[in-house]
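Rule-based calculations on the coordinates, nothing more; no lab input. Keep in mind that this is a model prediction, so the values were computed, not measured. Note that each Cβ is placed from the backbone with ideal geometry, even for glycine, and that neighbours are counted across all protein chains shown.
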Amino acid sequence: MDRIYLDNASTSYPKAPGVVENMRLFMEEIGCNVGRGGYAGAYSAGEVVYDTRERLCRLFHSPKPQNVIFTSNITASLNFIIKGLLHPGDHVLVSAMEHNAMMRPLVQMEKLGVSFDRIPCDGQGQLLLDQVEGLIRPNTRAILMLHASNVCGTVMPIREVGAICHKHGLRFVVDAAQTAGVFPIDIVDMRIDALAFTGHKSLLGPQGIGGFIIEDSLAAELDPLISGGTGSRSDSEEVPDFLPDRFEGGTMNLPGIFGLNASLQYLEKEGIGNILQHEQTLSKRFSEGLAAFDCARIAGTEDPMKRAPVVSVDFTGRDNAEIAFLLDSQYGIMTRCGLHCAPSAHKTLGTFPQGTVRFSIGPFNTPKEIDFAVDAIKAILSTY
């Protein structure tokens with residue numbers, strides 16, 4: 001049985017051409033560390049690390065490669081930012097659609113005296129922008145927000161929220177897990193102080209590599225979450241005060257960075273605009289196919305061309321988990337069922353506690369696969 005992968009919001013598959021080869025190149029032919037060796041291999045690896053920072057800067061329109069900080073994933077990045085920025089007595093705003101990568105660190109910080117409010121969203125997950133300023137307090141430090149929902153694909157008005165943050169002197173932190181590599185992001189134009197990203201979703205790289213891009217003055221305010229050897233200023237036991245070393249203590253995931261470098265080259269060649277158009281076109285095709293089934297309620301923004309390529313379906317009166325199981329076991333279609341680590345989003349969308357079956361499309365999916373998925377759903381529903 002052929003397999004059809006429709007779980008790209010969890011992680012992309014397959015990876016971009018060249019990812020595996022670049023990782024193997026590092027493991028088999030280079031293998032050394034960066035910043036710790038005075039030999040050619042170390043310099044060669046260092047050049048790839050710097051080139052990867054530069055490629056990320058071009059993608060997100062960031063002016064300074066040294067402000068690209070590598071971490072293990074976007075969860076680590078958000079922990080770095082949230083726990084480094086906030087202190088007892090601080091207040092922040094988040095959307096009602098956040099992932100637990102944002103909420104669990106905040107709930108931890110709440111126990112230490114940090115408070116937060118959720119900016120309401122409507123039943124499609126769209127931010128109620130006119131309510132943002134009314135929630136700002138004298139002690140509000142920042143607005144933390146995902147760019148697009150991992151549950152339903154609804155896109156947040158990042159540019160408008162960034163303008164509000166600038167007006168009120170707030171920090172603006174954006175979780176780009178679902179948009180980096182597929183939606184255009186300009187951190188300067190959008191007034192983003194810190195952009196958190198992961199390498200393994202729409203950036204099409206391997207698991208285990210992520211990071212954040214941070215503005216200089218915010219970097220100076222952040223306390224490093226992890227400290228250790230950097231290969232720089234080794235005469236001192238103090239954490240270096242310059243970027244990226246201030247936040248990159250310990251050995252980096254060099255195989256992951258080599259893989260990410262290859263995937264970024266692929267994205268540059270293909271063009272993220274072309275990838276977005278392809279994925280949204282397939283998302284629209286799938287949504288139109290589901291319209292034939294009265295029990296299939298699609299969560300989120302109605303227009304698939306205005307959301308990330310995620311189609312999240314609540315099969316009313318059916319067992320969503322059973323449908324997901326049958327799609328996999330009988331038709332080889334891989335999806336994600338449940339609450340998707342985002343209970344607040346499902347409460348907002350009216351799909352809590354049952355959750356949804358999420359179909360998330362990637363650049364390597366085809367119209368034939370989408371049509372097969374619609375036919376499979378039709379066959380499964382006919383048995384109820």
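Things worth noting here:
- Here the condition is being in contact with a Lys or Arg (Cβ under 8 Å, 6 or more places away or on another chain), surrounded by fewer than 24 Cβ atoms within 10 Å (Cβ to Cβ) and among the hydroxyl-bearing types (Ser, Thr, Tyr); of 344, 329, 312, it holds for 344 alone.
- Residue within segment 3-14 that is surrounded by 15 or more Cβ atoms within 10 Å (Cβ to Cβ), in contact with a strand residue (DSSP E or B) (Cβ under 8 Å, 6 or more places away or on another chain), outside any loop (DSSP other than H, G, I, E, B) and not hydroxyl-bearing (Ser, Thr, Tyr) present: yes
- Flag for residue 246 being closer than 24 Å to residue 77 by Cα, basic (Lys, Arg), out of contact with any Ser or Thr (no Cβ under 6 Å at 6 or more places or on another chain) and part of a helix (DSSP H, G or I): yes
- Test set (1) of a type in the set (Asp, Glu); (2) out of contact with any helix residue (DSSP H, G or I) (no Cβ under 9 Å at 6 or more places or on another chain); (3) assigned to a helix (DSSP H, G or I); (4) without any contact (Cβ under 8 Å) to a residue 24 or more places away in the chain - residue 235 fails condition number: (3)
- If you go through segment 94-113 and keep only what is without any contact (Cβ under 8 Å) to a residue 60 or more places away in the chain and within 19 Å of residue 168 (Cα to Cα), you end up with just 94.
- Any hit, segment 123-130, residues being loosely packed, with under 14 Cβ neighbours inside 10 Å, in a loop (DSSP other than H, G, I, E, B), among the small types (Gly, Ala, Ser) and in contact (Cβ under 8 Å) with a residue 40 or more places away in the chain: yes
- Listed conditions (1) touching a helix residue (DSSP H, G or I) at 6+ places or on another chain (Cβ under 8 Å); (2) within 24 Å of residue 207 (Cβ to Cβ) are all met by residue 29, apart from (1).
- The one condition in (1) of a type in the set (Lys, Arg); (2) more than 24 Å from residue 155 (Cβ to Cβ); (3) assigned to a helix (DSSP H, G or I) that residue 285 fails to fulfil: (2)
- Condition check for residue 305 on (1) crowded, with 16+ Cβ neighbours inside 10 Å; (2) under 28 Å from residue 374 (Cα atoms); (3) out of contact with any His (no Cβ under 9 Å at 6 or more places or on another chain): one failure, at (1).
- Segment 151-177 - residue that is surrounded by 24 or more Cβ atoms within 10 Å (Cβ to Cβ) and among the small types (Gly, Ala, Ser) and, of those, nearest to residue 17 (Cα to Cα): 177
- Residue, farthest from residue 205 (Cα to Cα), within segment 44-70, restricted to residues that are crowded, with 18+ Cβ neighbours inside 10 Å and among the hydroxyl-bearing types (Ser, Thr, Tyr): 62
- Taking the listed residues 194, 220, 180, 148, the one that is small (Gly, Ala, Ser), at negative phi and surrounded by fewer than 24 Cβ atoms within 10 Å (Cβ to Cβ) is 220, with no other qualifying.
- Summed over segment 260-293, residues that are surrounded by 19 or more Cβ atoms within 10 Å (Cβ to Cβ) and under 22 Å from residue 67 (Cβ atoms) total 6.
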